[in-house]
Every structure is written in structure tokens, then in C-alpha cells.
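The values are calculated or read from the model by the stated rules, or taken from the named source; none is laboratory data. None of the values given here were measured: they were computed from a predicted structure. Glycine gets a Cβ as well: all are built from the backbone with ideal geometry, and neighbour counts include every protein chain shown.
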Amino acid sequence: MGCIMIFSGSEAAAKPRKLLMKGAEAIGEAAIRAGAKAYFCYPITPQTEVAEYLARRMPEVGGVFLQGESELAVANMLFGAAATGARVFTSTSSPGFSLMAEAMSYIAGAELPVVFINVMRCGPGLGGVLAAQSDYWQATRNSGHGDYRCPVLAPSSVQEAAELTLAAFELADRYRNPVIVLADGMIGQMMEPVMLEGLAAGEPVEKPWATQGCGGREPVVVKSLYLDPQVLERMNRRLAEKYAKMQTDEVQVELYNVRERHDLVVVAYGTMARICKTAIDRLGKEGLQVGLVRPITLFPFPVDAVHSAARHSAAGVVTVELSQGQMIDDVNLALGELGRSAFFGRSGGMVPTPDEVTRVFRDLVKRGAA
Amino acid sequence: MSREEVVIAGFGGQGVLLIGKLLAQAALDAGREVSWLPSYGPEMRGGTANCTVVVSDDPIASPIVDHPRGVVAMNRPSLDKFEGSVEAGGFLVINGSMVDRGAERTDLLVVNVRSLEMAQELGNVKAANMIVLGALAGLSALVGLQQIRRAVEHAFEQKPRALEVNLRALEAGHALAQVEIVRAGAKGRGKGLDGSGGAGGAGNDSDGSACGLH
Amino acid sequence: MTGGEVVFSRPESLRRTPTHYCPGCTHGTAHRLVAEVLDELGIRERTVGVAPVGCAVFAYNYFNCDFLEAAHGRAPAFATGVKRVRPELIVFTYQGDGDLASIGLAEILHAANRGEKFTVVFVNNAIYGMTGGQMAPTTLPGQVTTTCPGGRDVEQVGYPLRVAELLATLRTPGYIARGSLHGPESIIASKRLVRRAFEHQVAGTCFGLVELLSTCPTNWGLTPMAACQWVVDRMIPYYPLGELKRPESATGQVAS
């Protein structure tokens, strides 16, 4: 399988053109273009293709590829590698992400830039390997212990998976914070044309905190232990300011068919949002105006976009997810005085088809009109 | 708006994902938007596998499809599972070497490809999936034989010895589809095969007539 | 003072910081051995240490070099990350027995098995110190701790782990040794082992681990002198001293 689509770096450099790539491979290639120096991993479906791709590509660009003994170890290797100031990342899927939660907390506490790619599968527990969006809470609140948050970027196409992977490295460096790219299994497995041209690291960020040997300066310590409560609270406040700044500066959202007035407003992200778009197009032909608010950043959540689109919607808002309802909490927070969102979700690896979603939307519009 | 969706399904190891990839690559080379979505998971291990390829002139919203334009059934379970889903007036490629029944639907253009026997005649049974791909190229309104041919050439860059028989297999499959299109046209069943008129894939081949290859 | 010769001073690799360790604890000795070796090899300015969770969590307050503070047991994974990205740095972890032999056993075993070229200083005092004297994987049979008040029952919890012996079975080349900090002679011998382990790293030869038998008078409930004697009487018979594996030796090899 896959004797075509073998993508080599030299080929990519030759001329700008779209390449047919799996989401998992596009993520790996985008990370290299972002200047990632090290990738640590542990195999888990449905994103092992990232590891397989980078096992070949990292040595080509002089980077580090290492398969660790567990996700636990991998995430801690990331701490060590990031502490040297290098751009580093991993990719995993839900159960593996849970194992990384310990280190994520330390990484957030020590304020290290690390990119985590979570290609979600369905849970809880071992669950299944098919596509789901059931790690929304885990990613957007915090996966590990303590008072911290991470930007969460949710791609809905292979191209966007590449672009957001690059963006994640930039955000991580700028905020000295872990950043999560949260994709569903379909994004990881799907092949689509990708334009890699133009994907390049931004201006390097100074990292005076990096442990690179103390030659010519005082030693530095990268740590998260603060036993003095006053010192720790100061630290907590500073972190909170950082997260607040993310909420004002880093929101990304796509509005699709959002107008002055709607019959219905949909909030959905990732692949699920694309299925909703097809349903919206079909309903448009029936004369129904359905708008879509697609959060690209799940944290910070596009509160204003949701609230503003929802203001003039005859049938209100419906949140659509590949879960039994997680993002709906953020949608309801955003709606505030406007009321509560309806919900439609499938889970366990079941993905609704455009037909199914179209029916749901049509019914909601009818009910809203009644 | 031209758009076409194909589901290719069969046992793992029959090359269904590869057929889909080559179709997708050809569509990309032709400047179309494209998505290729595989089934994945435990069913890959010796069970059934399928992929959905969407080709469009516009950005693709849902990569998941309820009613594909065409289905390629490489085995009986795939035919049973997907025959009912094909859009009215769409097409069905049945791998007759592995499927012991014909189509039940009468509103579809059906091409029965005895791929294993044909490939054997061509001298390499491994080329069976290229015969199916050729038939698919003949039926597709959005991707022509020339583009598929280039995708196959690229795919076998590292295996030049296998290329020749695979190209012949591709053309044999394509020719078979042409025959079926003409026959269906004579019966008046070819309608709905493509959105822009013409008798089938060959007429829409932006690189010129597929006949030039014969 | 003129004409005097300095025969003993604080190594440059140690900071001028009052110790927080208990009276009679040998952590200070272990710190000093490592610091002297960093000085002697001239590597302080390109060294990154990794502190454990346990009594030595504040190691970075004493060592005068760059430091990371690891999650419990994960120091070898941290060190792997640093060393893989910056192979020119000298990297060491400093870990206790709970950290290394219990919660972090997978990390140390796999780091050693990958042949990560960093150095591990493993302080074995047969008990959890910082949390107040609980049973460790290295607690001796019959030894009383707060979580085995009747003494370690090997029927219930098995025998103490001999980490150095365990790692010495690996086929991957490595330098594995055990010393003791109970008296001047053994301290001098231990320093030689620590130095050799660092020398192997400087040369890029192999992974190195030196286990140092240490005292915990507070949690053992012994005076410092009695604690040192306890190391001799109880620990050394179970944890024999010496070099268990050298990179050039074929320890752990299986007939192929």
C-alpha cells in the first residue's frame, strides 16, 4: 500500500505545488517546517503514521526521532528537550494523551513551549480507534493537575492540520506554554491536497531560560516547585494573566453562511463542521438559512462569534459533536442570556452522515418555527 | 458545480485503498479538489476495507458521503453493503472474479470486471486492481484515463518492471468500461453518468481522447 | 594569611548554600563527590543536572550548574530529552531509591537499555526519606518502616530490588557500579566510581549509573555513627560493592 504518495523533502522544495498527503503526514511535515528539532513518540492508532513519517524524515533534516517506552516517558523527554530551548513535539491519541497529562502539568508549570498533537479516538478507557471528539473537556480545561490552560487548535482539513501545527509552535514559543493540536481520527487518516509552500517558522524567540550549560552566565533552573505559598500564588496570577491574554488575542474562528438573520445557527468543529457545511448547503437550496460558527481555537473559545451569530436565529443554536456533549458547555457559556444550545452528537466512532445532519437541522428549524 | 464521489470497497489486501489513492492523485493532478477517506481500524486486518474519494471543482465540505456516484465492489460483502447507497443513475463496478451475483439495481450503469482472469491473461494476477481502476477511469466524469495513467506511472517509478503490465491492465479495464457505456447508451441507461454531457469518462478527459491510447 | 596552601575548599560546582539535609545524612557527601568530579573534569559550564522528587529535590540549590527539576521517577526521561537534543552537554540525574527503583523503574531501565549517554547518581538509603520513612523497593527484609511496621515481609512484598545488578544484565554496553558513603575509605572509592561514570559520558562511550549506599539516620531512628555501621552490617551484605559492568565487558550477553 502507498507506493505512491511517497513524499520526499527534495521534491517538496522543487516547486510550489499541492501534494496529496495524509493528515498525519502533513502534521509531521509541517512540524519540520516549523523548525522542530525533536519528536518523541509511542505508537497508537489512529496517528502512528506521524511517527512512521518522521522516523524517515527527522534524520533527513538532522532532527531527533525517538520512540520512547511509554507516553509517560515520551512526555517527560519532551520536558527535557524543550528545556534546552529546542522546538519539540509529540503526537498521540486519546489514551496516550491521558498518560502525558502528568508531564503536561509540569511543562505548563515550568512554562516550557511544547506542542502536543492529539488525534482523538473514542473512549472512555480503551474505547475504540475510530474518530471522535470526546477529549474536548480534557484538552480545553486541563488534562493534568493544577491551575493551567493550553491553547487548543482544532483543524478541519489536512491543509489546516499543517497550518495549525505550525501555528502551534509559534504560540508555544510566544507564550512559553504547551499547545495542543486537537484533531479527530478522520483528519489523521484522510488524504487531501496540501500546499506546504509558505509554511515556515517565524522570527526565533529569545530563550534566556534554556538550560544549555552555564558557561558565561549564572546557572538557570527549570522547575515547577514553589513551596512558598506567596511565591506560588504570584506565579499562578502571572499564569492566569497569560491565559487571559490568549483569550483576547488568539481566538480563531471560521464563519460559514453567517448572516444577519438565520433559521438556525450551528456550532461544530473539526471534521464534524465539514459534514455540517454539506447539510447547510443542502438546506440553503431549500431556502433555509443555517449559519455555522466553527471554532478553530477551542481554547480560547470564540465566545463573541457564537454570541453574535446566535442573536438572530429563529430556531436558536445547535451544537454538533462527535461526543455526547462537551463543547456545548462552552457554547452555553457564550450564549449567556440568549438561552441554551440544542445538541446533536454521535459517539463511539459513529460519524453522522450529511443526510442525518440535514434531517436534524431541518427538524430543529421546523420546531423553532412552531 | 461538478462533483463526484466513489466508494471503493473490498477485502484488505485487494488494493482498495491504493485504487482510491491513485484516483485521488489523478484528480489532484487534474487540478480538482479531492479528499480520500479510508475506513481504518481492526477491519483493516484481513477484514473489509473501504475508502471514499470525493472529487470536485469546489472545496469539499463533507468527506463522508451518503450516496456516492459510484461504488467499486471488490467482494460480495461490499456489494451487499454499498449497492443500495449508490445515487440513482450512478455506476457500479463489480469485481466478477470475487462476487457471485450481479447487480440488483436496474438504475445503474454496471460494469462487471472479471479482474483476476483478465489479469492472468495479461500475465500478472497482481494487476487485477489496475483493471478495476481502469474501469473506474472509464466511468468517472471528472478524472480521465491520462491522469490516472500518470498517477500509475508515478506509483511504479521504483518498480519499472511492473509498470508495463499495470498500464496494460489499466487500459484493458478502461476499454471494458467503454464497451459497457456504449451498450448502456444503446439501451438508454447511460443517463446521469456525468454532469456535463457526453457518454462517459472518456468524453470528459481534459487531456484528450482516451482512444489515443489504444 | 600568607604562604598557606589551600588543601580543602568548596568545589566551584557547589554553591555556598546552608544544607537542608538532616544531620548525618550522606546526601551532602554524594553532592560533593559529584561536584568535585565536575570540577576535575572541567565540565561544570556544560553540565545540566536533573533533580528527582524526594529529599534531593532541591539539589539545584546546591549544584552550581544548570538544572531541571523532574517529575517523580522521570529524571531519566528528562535527561534523555536533553541529551538527545544537545549531545554536547553533560547530563546527569540524581535520584533516590523511591524515585528511581519504584515509580521510575521503567524510565531508568529503558534509558539504560537504549544506552543513553548520561550519568545517573543513584542514592540508595533503603527508605523513603522526604515523605517520612516509608518502605522503599530497596528496604531490607525485616527492616521496619512506617508502612511495614512489622518489618519488610518478603512473602507479601518480595525482596529488595538490586538495581545495579538488574541493569548490569542488559546487553547494551554500560558502566554500572555500586559504592558506599559510610566511611572515608568507601567515600574515596565511591568518588572513583562516580568519576569513571562521568568520564565515560565525556568520552561518549556509554550510559553510566553509580549506586551509592547512603544513610538516613532520621528515618532509620539511628545516630549518624550507628547509621554508618548499619550500612556496613546490613546493607553491604545485600548490596555488594564494586563495578558490576564495564562497557567493554560482555555482561548480560546471551549466546547467539
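Picking from residues in region C:72-82 that are more than 7 Å from chain A (Cβ to nearest Cβ) and crowded, with 24+ Cβ neighbours inside 10 Å, the one that is farthest from C:CYS22 (Cα to Cα) is C:PRO76. Could you please let me know if C:VAL157 is touching a residue at least 12 places away in the same chain (Cβ under 8 Å), more than 12 Å from chain A (Cβ to nearest Cβ) and touching a strand residue (DSSP E or B) at 6+ places or on another chain (Cβ under 8 Å)? For C:VAL157, the condition - touching a residue at least 12 places away in the same chain (Cβ under 8 Å), more than 12 Å from chain A (Cβ to nearest Cβ) and touching a strand residue (DSSP E or B) at 6+ places or on another chain (Cβ under 8 Å) - is met. Scanning region B:106-143 for residues that are of a type in the set (Val, Ile, Thr) and touching a strand residue (DSSP E or B) at 6+ places or on another chain (Cβ under 8 Å) yields B:VAL110, B:VAL111, B:VAL113, B:ILE131, B:VAL132, B:VAL143.
For B:VAL113, the conditions (1) touching a residue at least 12 places away in the same chain (Cβ under 8 Å); (2) among the hydrophobic types (A, V, I, L, M, F, W, C); (3) within 14 Å of chain A (Cβ to nearest Cβ) are fulfilled apart from (3). Scanning region C:48-61 for residues that are farther than 20 Å from C:ASN125 by Cα and buried (at least 24 other Cβ atoms within 10 Å of the Cβ), we see that the one that is farthest from the other protein chains (Cβ to nearest Cβ) is C:GLY49.
I'm checking my understanding of the structure. Among residues of region B:94-107 that are free of Cβ contacts under 8 Å to residues at least 60 places away in the same chain and within 16 Å of B:VAL7 (Cβ to Cβ), which one is surrounded by the fewest Cβ atoms within 10 Å (Cβ to Cβ)? So, considering only residues that are free of Cβ contacts under 8 Å to residues at least 60 places away in the same chain and within 16 Å of B:VAL7 (Cβ to Cβ), the one surrounded by the fewest Cβ atoms within 10 Å (Cβ to Cβ) is B:ARG105. All of (1) within 23 Å of A:ARG367 (Cβ to Cβ); (2) free of Cβ contacts under 8 Å to residues at least 40 places away in the same chain hold for A:MET327 with one exception: (2). Only one entry in C:ARG192, C:ARG152 is in contact with a Gly (Cβ under 7 Å, 6 or more places away or on another chain), free of Cβ contacts under 8 Å to residues at least 24 places away in the same chain and on the phi < 0 side of the Ramachandran plot, namely C:ARG152. Screening C:GLY142, C:GLY158, C:GLY132 for residues that are surrounded by fewer than 16 Cβ atoms within 10 Å (Cβ to Cβ) and within 20 Å of the chain's Cα centre (by Cα) leaves exactly one candidate, C:GLY132. In this structure, does A:ARG238 turn out to be touching a Pro at 6+ places or on another chain (Cβ under 9 Å) and surrounded by fewer than 22 Cβ atoms within 10 Å (Cβ to Cβ)? Here the answer is no, as A:ARG238 does not meet what is asked.
Please find, within region C:208-248, the residue that is nearest to C:ALA101 (Cα to Cα) out of those that are among the β-branched types (Val, Ile, Thr) and surrounded by fewer than 20 Cβ atoms within 10 Å (Cβ to Cβ). Spell out the reasoning first.
Quick first cut of region C:208-248, residues among the β-branched types (Val, Ile, Thr) only: C:210, C:215, C:218, C:223, C:231-232, C:236.
Subset that is surrounded by fewer than 20 Cβ atoms within 10 Å (Cβ to Cβ): C:218, C:223, C:232, C:236.
Details: C:THR218: 21, C:THR223: 26, C:VAL232: 21, C:ILE236: 18 Å.
The extreme case among them is C:ILE236.
Return yes or no: is B:VAL16 among the hydrophobic types (A, V, I, L, M, F, W, C), under 24 Å from A:MET272 (Cβ atoms) and within 14 Å of chain A (Cβ to nearest Cβ)? Answer is no for this residue. Residues in region C:119-142 that are farther than 14 Å from C:PRO52 by Cβ, touching a Ser or Thr at 6+ places or on another chain (Cβ under 9 Å) and not polar (S, T, N, Q): C:ALA126, C:ILE127, C:GLY132, C:GLY133, C:MET135, C:PRO137.
Among the residues of region A:187-230, write down those that are of a type in the set (Asp, Glu) and closer than 30 Å to A:VAL351 by Cβ. Break it down stepwise before answering.
Filtering region A:187-230 down to residues of a type in the set (Asp, Glu) leaves A:192, A:197, A:203, A:206, A:218, A:228.
Correct list: A:GLU192 only.
Helices (runs of 4 or more DSSP H) fully within region C:169-256 that include at least 2 residues being modelled with pLDDT of 95 or more and farther than 30 Å from C:ASP39 by Cβ: C:217-220, C:224-230.
Just name the residue that is farthest from C:MET130 (Cα to Cα) out of those in region C:12-42 that are away from chain A (no Cβ under 14 Å) and assigned to a loop (DSSP other than H, G, I, E, B). Spell out how you get there, then give the answer.
Just the residues of region C:12-42 that are away from chain A (no Cβ under 14 Å), to begin with: C:18-19, C:21-34, C:36-37, C:40.
Applying the additional criterion that residues be assigned to a loop (DSSP other than H, G, I, E, B) yields C:18-19, C:21-26.
Numbers: C:PRO18: 18, C:THR19: 15, C:TYR21: 10, C:CYS22: 11, C:PRO23: 14, C:GLY24: 15, C:CYS25: 12, C:THR26: 14 Å.
For region C:12-42, the residue satisfying everything is C:PRO18.
When region C:93-114 is limited to residues that are within 12 Å of chain A (Cβ to nearest Cβ) and outside any helix (DSSP H, G or I), the one that is surrounded by the most Cβ atoms within 10 Å (Cβ to Cβ) turns out to be C:THR93.
Pairing each residue of region A:218-236 that is more than 9 Å from chain C (Cβ to nearest Cβ) with any residue that is hydroxyl-bearing (Ser, Thr, Tyr) and assigned to a loop (DSSP other than H, G, I, E, B), provided the two are 6+ apart or on different chains, yields C-beta distances under 7 Å for A:LEU232/A:TYR226; A:MET235/A:TYR226. Of the residues making up region B:176-196, those that are at pLDDT 90 or above and surrounded by fewer than 18 Cβ atoms within 10 Å (Cβ to Cβ) are B:VAL179, B:VAL182, B:ARG183. In the set C:GLU69, C:GLU45, only one residue is at the interface with chain A (Cβ under 7 Å from one of its Cβ atoms), charged (D, E, K, R) and surrounded by 24 or more Cβ atoms within 10 Å (Cβ to Cβ); that residue is C:GLU69.
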